[in-house]
Amino acid sequence: MRIVLLGAPGAGKGTIAKLLNAHDGSVQISTGDILRGAVKAGSEMGKKAKGYMERGELVPDSLIMEIMEARLQEPDASKGFILDGFPRTIPQAQDLKKLLDKLSIKLDVVIDIEVPKDVILDRLTTRRTCSNADCQEIYNVKSKPPSPEGKCLKCGSPTVQRADETTEAITQRLETYNEKTAPLIDFYKKEGFLKTVSSMNSDEIVQEIIRSVTKK
Ligand code: ADP
Ligand code: ZN
């Protein structure tokens, strides 16, 4: 499948993307993961992105489009992709449309994951991420804890609270989402791609997405 996942930070986009990948062999493309990898590696791209990310602001559209243009043409994307955290602004959505046209790729559906704000805040403050850039497994101190020593259960690296998961940065990210990304819901509604899901259960959401894609 070729899907865009919309939803506030903490809505569960990453979890749902991974479940969909397991279902059909598609690849998760997360601009957040790509950027964090670049920051960790200290690449040119990472140096440009670091400050914006730590403040909970968006990285410039031009940098994101450069990443995505290359990423969508990598061989693994031909089996389908789940875009997680991209597009994030109307200009990115417009550029994505042009890029997909150019590559003769059609989207199946755009999924908007609706989650109440108090649930989002609780999820983000209790989230821990594996510090190994090649792993980035996500934990939750309440519902999916790492080892008692705080190590990743997959690779053994320490898990950390992301720099942008302080209360200030989270508040900023939610504001940025409402201002810059929420307008994409209307954009994709007009394009005829939008489907809204509002379950709290990832497996239920995944089943609903699979049904909506296979029905077409
Ligand atoms: P979130 O949990 O906020 O969805 P992500 O992992 O998707 O986090 O992104 C982390 C940070 O990376 C964002 O706050 C932003 O600074 C940057 N970022 C990720 N994707 C994009 C994008 N498509 N456009 C601009 N900035 C992005
Ligand atoms: Zn790990």
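The values are calculated or read from the model by the stated rules, or taken from the named source; none is laboratory data. Computed from a predicted model, the values in this text were never measured in an experiment. Using ideal geometry, Cβ is built from the backbone for each residue, glycine included, and neighbour counts are taken over all protein chains shown.
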>> Being out of contact with any helix residue (DSSP H, G or I) (no Cβ under 6 Å at 6 or more places or on another chain) and of a type in the set (A, V, I, L, M, F, W, C) is the filter here; which residues of the stretch 35-49 pass it?
In response: Ala41
> Just wondering, is there one or more residues in the stretch 111-118 that are among the basic types (Lys, Arg), touching a helix residue (DSSP H, G or I) at 6+ places or on another chain (Cβ under 9 Å) and at pLDDT below 90?
Replying inline: yes
> Taking into account only those residues within the stretch 197-216 that are of a type outside the set (Asp, Glu) and touching a Leu at 6+ places or on another chain (Cβ under 9 Å), which is nearest to Gln94 (Cα to Cα)?
Replying inline: Ile209
> Give me the pairs: first residue in the stretch 1-17 and farther than 14 Å from Val110 by Cβ, second residue more than 8 Å from ligand 1 (Cβ to nearest atom) and at pLDDT 95 or above, beta-carbon distance under 7 Å, and six or more apart or on different chains, which are they?
Replying inline: Gly12/Ile113
>> With the requirement that a residue be surrounded by fewer than 20 Cβ atoms within 10 Å (Cβ to Cβ), of a type outside the set (Gly, Ala, Ser) and modelled with pLDDT of 95 or more, what does the stretch 73-88 give you?
In response: Gln73, Glu74, Pro75, Asp76
> In the stretch 143-169, what residues are away from ligand 2 (no atom under 16 Å from the Cβ), surrounded by 15 or more Cβ atoms within 10 Å (Cβ to Cβ) and farther than 17 Å from Asp33 by Cα?
Replying inline: Thr166, Ala169
